[in-house]
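Heads up: the structure comes next, in structure tokens.
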Amino acid sequence: MMEILLFGLVVVVVYFISHHAVMAIERRHGKPLGGWRSAWFFLIFLGLVIAAQLIMRALTGG
């Protein structure tokens with residue numbers, strides 16, 4: 001049960017990090033990304049969730 005709650009917290013943190021990363025990319029690009037914003041968000045979010053899943057699996061020994 002604790003692992004489920006911890007992973008829920010990780011998803012919220014990953015969402016926050018992904019959102020801010022996409023906003024930083026957009027600021028650096030200098031103009032709105034349009035539809036690419038969703039693609040970048042999905043790729044960053046997916047990468048971070050997979051990394052978190054691997055780290056949690058290694059920490060819990062499962």
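A few points about this structure:
- Counting protein heavy atoms only, the chain has 73 percent of its accessible area on carbon and sulfur, 1.4 angstrom probe.
- Estimated at the nearest 10 Å², the accessible area of MET2 is 140 Å² with a 1.4 Å probe.
- Rounded to the nearest 10 Å², the accessible area of VAL14 at probe 1.4 Å: 10
- Euclidean distance of C-alpha centroids, the range 41-62 and the range 1-31, integer Å: 12
- For the chain, fraction of C-alpha pairs farther apart than 15 Å, in %: 55
- The residues of the chain expose on average 80 square angstrom of accessible surface per residue, using a 1.4 Å probe on protein heavy atoms.
The values are calculated or read from the model by the stated rules, or taken from the named source; none is laboratory data. It should be emphasised that the depicted structure is a prediction, and the values quoted were computed from it without experimental measurement. Side chains included, ligands, DNA and RNA excluded: accessible areas come from the protein's heavy atoms. Shrake-Rupley method; radii C 1.70, N 1.55, O 1.52, S 1.80 Å.
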